[in-house]
Amino acid sequence: MGSIPTLPGLESRMIQTPRIQMHVLMGGPKDGIPVLLVHGNASSSTYWEETMLALPPSFRAIAPDLRGYGDTEDKLVDATRGCMDWVDDLLGLMDVLGLQKFHVAGHSLGGSVVWAMLAAHPERVLSATVICPGSPFGFGGTKGLEGTPCAPDYSGSGGGIVNPEFARLMAEKYRGSEYPASPRTVMNSFYWKPPFKHPREEELLSGLLSERIGPDKYPGDFEPSPHWPGVAPGKFGPANAISPKYIGDSVERMLTATPKPPILWVRGSDDQIVSDFSLFNMGTLGKMGAVPGWPGDEVHPPQPMVGQTRYVLERYATNGGYFREEVIADTGHSPHMEKPEVFDPILHAHLKAASS
């Protein structure tokens with residue numbers, strides 16, 4: 001059983017896989033078509049519960065806590081592998097469950113995991129859904145639609161760009177809201193579009209606070225850089241794992257891999273975390289004057305995260321794949337949670353079409 005109470009109709013289990021013991025939420029018929037749900041950063045499987053319960057009765061929802069999060073065994077994330085520690089953990093889980101093929105959906109950092117899975121093992125995937133995903137080129141440190149590095153050491157990405165006050169308060173399990181960087185304030189300001197508040201705010205805050213904190217966990221380690229803003233990625237933890245330094249050739253591998261599962265891309269129109277002017281991106285903060293010494297648009301502009309994603313998916317389609325982009329209006333970073341009445345029918349249609 002997990003440490004956070006779950007909604008009725010869902011099962012909480014600990015499952016030993018070859019790599020790690022994982023906490024997993026499950027719902028729907030045991031012989032249903034499997035849908036693997038991959039949560040984002042500073043969250044947990046708890047964030048999927050309403051989506052799981054809303055799935056059509058022919059589907060089986062499987063939502064694990066990733067390595068570094070929730071009630072899954074505490075093991076380090078080797079960031080030099082990009083997202084592959086998570087991909088290998090998830091495939092090991094599906095192997096233990098006897099599920100060779102499945103649909104996969106990823107939110108935020110979970111979307112970055114989906115990109116890596118499509119590059120490494122597309123043969124396992126019936127369909128992919130990415131919800132406000134990180135750019136396929138990584139989070140931070142790049143410019144232009146083709147993901148050109150802003151600096152040779154990928155400064156402006158990785159563990160060094162995380163707000164240390166946010167991480168400190170997470171480590172303290174602080175549940176108040178008196179500080180701008182308090183986890184509750186960040187959740188309610190950026191995970192969705194204010195003034196929306198989720199009815200399960202306390203459980204979701206517990207999920208946020210479940211992330212493992214430390215110099216080799218979150219926010220992770222970093223290296224000094226001669227390039228603005230002065231920090232380059234380290235080698236451990238989630239923030240470093242999604243740095244473009246470690247993405248490698250995964251974009252090209254995704255574009256040339258076969259088969260090419262159909263991709264549904266859903267994003268909120270007012271997302272402040274993943275956008276072309278993200279408030280979590282050093283280029284944006286520098287341009288706004290919030291981080292001193294900004295070298296200008298030519299050197300380190302705001303990362304065009306949405307533009308990069310569209311660029312990659314259009315190439316995916318040109319190479320024989322299929323994608324559909326859905327923008328949900330008046331919505332922030334979590335459209336599946338903010339506007340389920342809009343999101344769920346779109347997801348269900350995608351799953352049914354790819355299952356037939």
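Points worth noting:
- The single condition among (1) in contact (Cβ under 8 Å) with a residue 40 or more places away in the chain; (2) out of contact with any Gly (no Cβ under 8 Å at 6 or more places or on another chain); (3) open to solvent by less than 10 Å² (accessible area, probe 1.4 Å); (4) closer than 21 Å to ARG81 by Cα that HIS103 does not meet is (4).
- Every test in (1) at positive phi; (2) buried (at least 21 other Cβ atoms within 10 Å of the Cβ) is passed by GLY248 save one, and that test is (2).
- Boolean, GLU211 is assigned to a loop (DSSP other than H, G, I, E, B) and touching a helix residue (DSSP H, G or I) at 6+ places or on another chain (Cβ under 7 Å): yes
- Members of the range 147-201 found to be in a loop (DSSP other than H, G, I, E, B), among the aromatic types (Phe, Trp, Tyr) and open to solvent by less than 40 Å² (accessible area, probe 1.4 Å), listed by number: TRP192
- Checking each residue in the range 56-89 for being more than 21 Å from THR17 (Cβ to Cβ) and open to solvent by 20 Å² or more (accessible area, probe 1.4 Å) picks out PRO57, SER58, THR80.
- Odd one out for GLY321, checked against (1) outside any loop (DSSP other than H, G, I, E, B); (2) within 26 Å of GLU252 (Cα to Cα): (1)
- Just so you know, in the range 291-311 the residues that are under 20 Å from HIS333 (Cβ atoms) and aliphatic (A, V, I, L, M) include one that is surrounded by the fewest Cβ atoms within 10 Å (Cβ to Cβ), and it is VAL306.
- Selection status of ARG184, of a type in the set (D, E, K, R) and more than 30 Å from GLY293 (Cβ to Cβ): yes
- The range 221-242 residues that are in contact (Cβ under 8 Å) with a residue 40 or more places away in the chain, paired with ones that are in a helix (DSSP H, G or I) and open to solvent by 40 Å² or more (accessible area, probe 1.4 Å) (beta carbon under 6 Å, 6 or more apart): PRO233/LYS245; LYS235/THR80
- Those residues of the range 7-17 which are open to solvent by 50 Å² or more (accessible area, probe 1.4 Å) and touching a residue at least 12 places away in the same chain (Cβ under 8 Å), in sequence order: GLY9, GLU11, ARG13, MET14, GLN16
- All conditions in (1) under 24 Å from VAL312 (Cα atoms); (2) open to solvent by 20 Å² or more (accessible area, probe 1.4 Å) hold for PHE222, with the sole exception of (1).
- Considering residues of the range 276-290 that are out of contact with any helix residue (DSSP H, G or I) (no Cβ under 6 Å at 6 or more places or on another chain) and open to solvent by less than 20 Å² (accessible area, probe 1.4 Å) only, the residue nearest to MET117 (Cα to Cα): ASN281
- Pairs, first under 15 Å from LYS352 (Cα atoms) and surrounded by fewer than 24 Cβ atoms within 10 Å (Cβ to Cβ) in the range 26-40, second at pLDDT below 95 and not charged (D, E, K, R), C-beta under 9 Å, six or more apart: ILE33/SER355
- Residue check, ALA232 in a strand (DSSP E or B), closer than 16 Å to TYR154 by Cα, touching a helix residue (DSSP H, G or I) at 6+ places or on another chain (Cβ under 9 Å) and of a type outside the set (Lys, Arg): yes
- Residue within the range 113-126 that is assigned to a loop (DSSP other than H, G, I, E, B), on the phi < 0 side of the Ramachandran plot, touching a residue at least 24 places away in the same chain (Cβ under 8 Å) and open to solvent by 10 Å² or more (accessible area, probe 1.4 Å) present: yes
- Contact map, the range 343-354: first residue in contact (Cβ under 8 Å) with a residue 60 or more places away in the chain and within 15 Å of PRO57 (Cα to Cα), second residue part of a helix (DSSP H, G or I) and of a type in the set (A, V, I, L, M, F, W, C), Cβ cut-off under 6 Å, separation 6 or more or different chains; pairs are ASP344/ALA54.
- Test result for GLY248, part of a loop (DSSP other than H, G, I, E, B), under 24 Å from VAL312 (Cβ atoms) and at pLDDT 95 or above: no
The values are calculated or read from the model by the stated rules, or taken from the named source; none is laboratory data. Quick caveat, the model's predicted, so the values are computed rather than measured. Glycine gets a Cβ as well: all are built from the backbone with ideal geometry, and neighbour counts include every protein chain shown. Just so you know, the surface numbers come from the protein's heavy atoms only, side chains and all, with ligands and any DNA or RNA stripped out. Shrake-Rupley method; radii C 1.70, N 1.55, O 1.52, S 1.80 Å.
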